[in-house]
Amino acid sequence: MIVIRTIKLKLGVSSDDRESLMKTMRDYTIAFNTCSTWGFESRSYSKINCHNATYYNIRRDVPNLPSSLLQGARDCACEDLKSVKLHSKPVRKEYSAMRYNSRVIRIYLESKYATLATSDGRIKVTFGIPDYYNQYLTWKVKSSTLSIRKNDNTFYLHCMVETDTPDIIQEQKVLGIDRGVVNIAVCSDNTFFNSSAMKNTRAQYAYLRAELQSKGTRSATRKLKKLSGRERRFVTDSNHCVSKQIVQLPYTVFALENLKKIRVQKRRGKKLNQKLNTWAFYELEQFIRYKAEKLGKRVINVDARFTSQKCSACGHVYKGNRNGSQYLCRNCGFELHADLNASRNIAHDGISVLGRLPVNQPNVACL
């Protein structure tokens, strides 16, 4: 199997080369929008048919755009049309990101420079390598995307790199993880990751957004634009920190609930539904999954039903066993924090999942 990562590199570009890249982006956008218009009007997202119908017209409109970039714009347009099932016409702005393949870019990570094809010929750009990215210097670059930050015309190269997956650790030691709103994650080894800091920060941003939106002035709109993305970056950073701590625990299999259906529940009330529908459960799972994969560990999903109602000691299932954060079994009298009880049930379910696979019986963290 293959491990894939995307790294973001800030490019050092001269003023002349910057103009060349911006011109190339404009040409690329023309090619994309031409293909998108044809596909939407023809009700087709076939790349071959789109190429036959639009190639020479695009070549006439933007004669200096390299053929591989033209084909990349065509592929992106067809893929976007397919993703929306031809219900709408994808349109790109003037300086949208461009997809580069190996024919139009050469990236030398160890030497910290790259050569890119543009509408004015091939140019050379440099970039710095953060210390964290040193681990990717020997990985193979598969594809890349060039983007621009318009407020200062800074270019970034997003490189997709890959390498072989590390060998999976044979020892099967399972850790159950319960995700929630009060606690970001609770592990079956009694490890708690509280979400109070995240909730407070999100509440502050929500209040600030409401105040600025109620103003409706131009300065308030500018402030909203300036704040855009800050909350998202904060939540992402918090999930990165939590997932990193989890995968470094001495366990080789991480069991998580399958929460795909949590968004459709209507009976929990407006405020709780809003929290559930905006909480980054899936992002945390993705971070745990790819960080564990790098260490030769793995993540499995278990059925989420009754994990909060079932007693982890005797297996009795009753909705009234749980009262807020407290769990008291009406059958055997077992008492525990509700999230910790759920995480132990998830760990037991993880054992069952692994028991159906050709592996050795794992140990579960139930203290």
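The values are calculated or read from the model by the stated rules, or taken from the named source; none is laboratory data. None of the values given here were measured: they were computed from a predicted structure. With ideal geometry, Cβ positions are generated from the backbone for all residues, glycine too; neighbour counts draw on all protein chains shown.
Applying the set (1) at pLDDT 90 or above; (2) in contact with a helix residue (DSSP H, G or I) (Cβ under 9 Å, 6 or more places away or on another chain) to residue 344 leaves exactly one unmet item: (2). Taking the criterion of being among the charged types (D, E, K, R) and either surrounded by 16 or more Cβ atoms within 10 Å (Cβ to Cβ) or touching a Gly at 6+ places or on another chain (Cβ under 7 Å) (or both), the residues of region 177-208 that qualify are 178, 179, 189, 202. Looking at 212, 175, 208, 157, just one residue is in contact with a Cys (Cβ under 8 Å, 6 or more places away or on another chain) and aliphatic (A, V, I, L, M), and that residue is 175. At least 3 residues being at pLDDT 80 or above, in the same structural domain as residue 345 (by TED's automatic domain parsing) and of a type outside the set (S, T, N, Q) is the threshold, and among the helices (runs of 4 or more DSSP H) wholly inside region 216-295 those reaching it are 230-247, 281-294.
Against the condition part of a helix (DSSP H, G or I), more than 30 Å from residue 98 (Cα to Cα) and out of contact with any Lys or Arg (no Cβ under 7 Å at 6 or more places or on another chain), how does residue 199 come out, does it pass? Yes: the conditions hold for residue 199. Could you check, for region 205-224, whether at least one of its residues is under 18 Å from residue 283 (Cβ atoms) and out of contact with any Ser or Thr (no Cβ under 8 Å at 6 or more places or on another chain)? Taking every residue of region 205-224 in turn, at least one turns out to be under 18 Å from residue 283 (Cβ atoms) and out of contact with any Ser or Thr (no Cβ under 8 Å at 6 or more places or on another chain).
Which residue out of 140, 93 is on the phi < 0 side of the Ramachandran plot and touching a residue at least 40 places away in the same chain (Cβ under 8 Å)?
On the way: 140 fails: touching a residue at least 40 places away in the same chain (Cβ under 8 Å).
The unique qualifying residue is 93.
The set of residues in region 189-235 that are among the aromatic types (Phe, Trp, Tyr) and within 22 Å of the chain's Cα centre (by Cα) comprises 193, 205, 234. Residue count for region 32-82, restricted to those that are within 27 Å of the chain's Cα centre (by Cα), more than 18 Å from residue 96 (Cα to Cα) and of a type outside the set (D, E, K, R): 1.
Here are 54, 37, 24: which of them is surrounded by 18 or more Cβ atoms within 10 Å (Cβ to Cβ), among the hydroxyl-bearing types (Ser, Thr, Tyr), out of contact with any strand residue (DSSP E or B) (no Cβ under 9 Å at 6 or more places or on another chain) and outside any loop (DSSP other than H, G, I, E, B)? Going through 54, 37, 24 in turn, just one is surrounded by 18 or more Cβ atoms within 10 Å (Cβ to Cβ), among the hydroxyl-bearing types (Ser, Thr, Tyr), out of contact with any strand residue (DSSP E or B) (no Cβ under 9 Å at 6 or more places or on another chain) and outside any loop (DSSP other than H, G, I, E, B): 54.
Among the numbered conditions (1) at pLDDT 90 or above; (2) not in a loop (DSSP other than H, G, I, E, B), the only one that residue 330 does not meet is (2).
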